[in-house]
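Notes to accompany the following structure.
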Amino acid sequence: MLSLRSTLALCALTLLLAAWTCWTVASAATIPAFWLSNPALSPYFIAGLCVVLAAFFSPLIFTKIELSSDAPWELLGKVTCASAWFALASAFMMLTAARVSPLNGTDVASAALWIFSGTWIALVLHRIAPRAASAILFFWIVALPIVAYLLAEIFLTSPAGGTGLAESTAPQTRALRETIRWILNLAPSTGTVGALAGTMADGSEFSLPIALGEISVVGLFLGTFAVRKPIEIPNANTPIQRTTY
């Protein structure tokens, strides 16, 4: 199903991820102290790189012609296969890091699900809106957590926030806490880290049903647009590179 180019691109991403994993779990005897990282944080370093690669580098797996001119269901099959490859590779690297950091398989599986979803959504977005995809992904991964942080800071600087967000009994506090929780669960960056840690950045417990619900809604919405978008017929002078099996 995947072309030779796509397979090589996935292998390159996997090798980059493997090299990053080797660095995060390296001991003091193998590398200079300046480059040494905290092994206890290695799964989180790996998860962070996985989110970045899934969002901003996964579109390099397919050519622009493949993303725009392939039949919708054929492309969705390729996207699902590539996303599963990268998610499984990410899960393996995080399990490797679990040897030097306290982590269980359920947390790794939840984080791998987030990485799979992030890769799938990024690739589908580049089919639907190739020019705006990077901006949308940046907002989704980086800006949404910042929005949650700003909402919390605005509340804490108000008269009602003197006792803190978690302890405040102001009428609007409960709604604000739920809003921040949903935002943190929606962003892949905070969602993946929260899945590994078991708690979100605001101190609330990570909820797999909430994450699955939000991912499913976004995926169904984008998948519908991807199927309905007309196929772009490439210029006759533009070569199409495909591998037939």
Identify, by number, the condition in (1) within 30 Å of T80 (Cβ to Cβ); (2) modelled with pLDDT under 80 that A9 doesn't meet.
(2)
Do we find a residue being closer than 30 Å to L67 by Cβ, at pLDDT 85 or above and touching a Pro at 6+ places or on another chain (Cβ under 6 Å) anywhere in region 144-160?
no
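With region 95-156 as the region, which helices (runs of 4 or more DSSP H) entirely inside it contain at least 3 residues that are of a type in the set (S, T, N, Q)?
Numbers: elements: 105-128, 133-138, 144-156.
Qualifying helices (runs of 4 or more DSSP H): 105-128.
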Qualifying residues in region 12-39 (those that are at pLDDT below 85 and of a type in the set (S, T, N, Q)) - the one surrounded by the most Cβ atoms within 10 Å (Cβ to Cβ):
T24
Need pairs with beta-carbon distance below 7 Å; first residue of a type in the set (S, T, Y) and within region 41-53, second modelled with pLDDT under 90; sequence gap 6+ or separate chains.
S42/T24; S42/V25; S42/A97; S42/V100; S42/S101; Y44/V193; Y44/L196
What are the pairs with Cβ atoms under 9 angstrom where one residue, in region 131-142, is of a type in the set (S, T, Y) and the other, located anywhere, is not in a helix (DSSP H, G or I)? Sequence gap at least six, or different chains.
none
What number of residues within region 51-67 satisfy the criterion of being over 13 Å from L10 (Cβ atoms), out of contact with any His (no Cβ under 9 Å at 6 or more places or on another chain), assigned to a helix (DSSP H, G or I) and not acidic (D, E)?
5
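Go over the candidates C81, C50 one by one and state the one that is surrounded by fewer than 22 Cβ atoms within 10 Å (Cβ to Cβ) and modelled with pLDDT of 85 or more.
Details: C50 fails: surrounded by fewer than 22 Cβ atoms within 10 Å (Cβ to Cβ).
Matching residue, one of C81, C50: C81.
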Working only within region 38-54, note down all residues that are of a type outside the set (A, V, I, L, M) and within 8 Å of the chain's Cα centre (by Cα).
C50
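The values are calculated or read from the model by the stated rules, or taken from the named source; none is laboratory data. On a predicted model such as this, the values are computed, not experimentally measured, just so you know. Because the Cβ atoms are built from the backbone with ideal geometry, glycine has one as well, and the counts that use them run over all protein chains shown.
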